[in-house]
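Derivation of every value follows stated rules applied to the coordinates shown; laboratory data play no part. As the structure is a prediction and not an experimental result, all values here were calculated from the model. A quick note on method: Cβ atoms are made from the backbone with ideal geometry, for glycine too, and the neighbour counts reach across all protein chains shown.
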Amino acid sequence: MLFRSVCSNQLPYVWNGTNYNASGSYNKTLVNSAGCDSVATLNLTVKQTSSSTTNASVCSNQLPYVWNGTNYNTSGSYNKTLVNAAGCDSIATLNLTVKQTSSSTTNASVCSNQLPYVWNGTNYNASGSYNKTLVNSVGCDSVATLNLTVKQTSSSTTNASVCSNQLSYVWNGTNYNTSG
């Protein structure tokens, strides 16, 4: 009597010139050296292989993606052969999608009398570079940068004295007829 266990991916199992594809007890009548019948028995156990699929989506700033002890950095379909509890192959498949982060830059110049400058819902009152992390359309980080320049307003004073017979006095395109 012969006891054999094989994994399904090792089929057919060949015994005494015959292919076997399923678990079972099989008898074969042979002729022994004395020329008499000899019955041989095969007790065959077929163990199953297994498979699994993992679908994962990650943002590029979350890389590397670690799966079954291996680092992955790009989108793709990856297979790994492991051993299942029955001692047979277990094919694990990873379908990885890497989604991209994004960034944008806004350059703005405003005069100081136009403050506060409102950008992405926040008030800004001074020149500088400001970052805000938002979420883009694929659910990943989107870093927005504001480069703000605040320009200063200016003023000047002109002192003028004129005689009344010199009126009207014209200054910056406007006529003035009285002191002030």
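Listed values, structure above:
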read-out: Gained length - residue 177 relative to residue 142, 0.36 nm times residue gap less alpha-carbon distance; value: 6.6 nm
read-out: Rounded to 5, percent antiparallel among DSSP beta bridges of the chain; value: 60 percent
read-out: Surrounding net charge for residue 65, when Lys and Arg each add one and Asp and Glu each subtract one, Cβ distance under 14 Å; value: +2
read-out: Within a Gaussian network of the chain (alpha carbon springs, distance under 10 Å), most fluctuating of 114, 100, 166; value: 166
read-out: Inter-label distance, nm, simple model (7 Å from Cα along the C-beta direction), residue 154/residue 36; value: 12.5 nm
read-out: Formal net charge of residues neighbouring residue 42 (Cβ-Cβ distance under 9 Å; K, R +1; D, E -1); value: +2
read-out: Cα→Cβ-extended label distance, 7 Å offset, between residue 118 and residue 83, nm; value: 6.7 nm
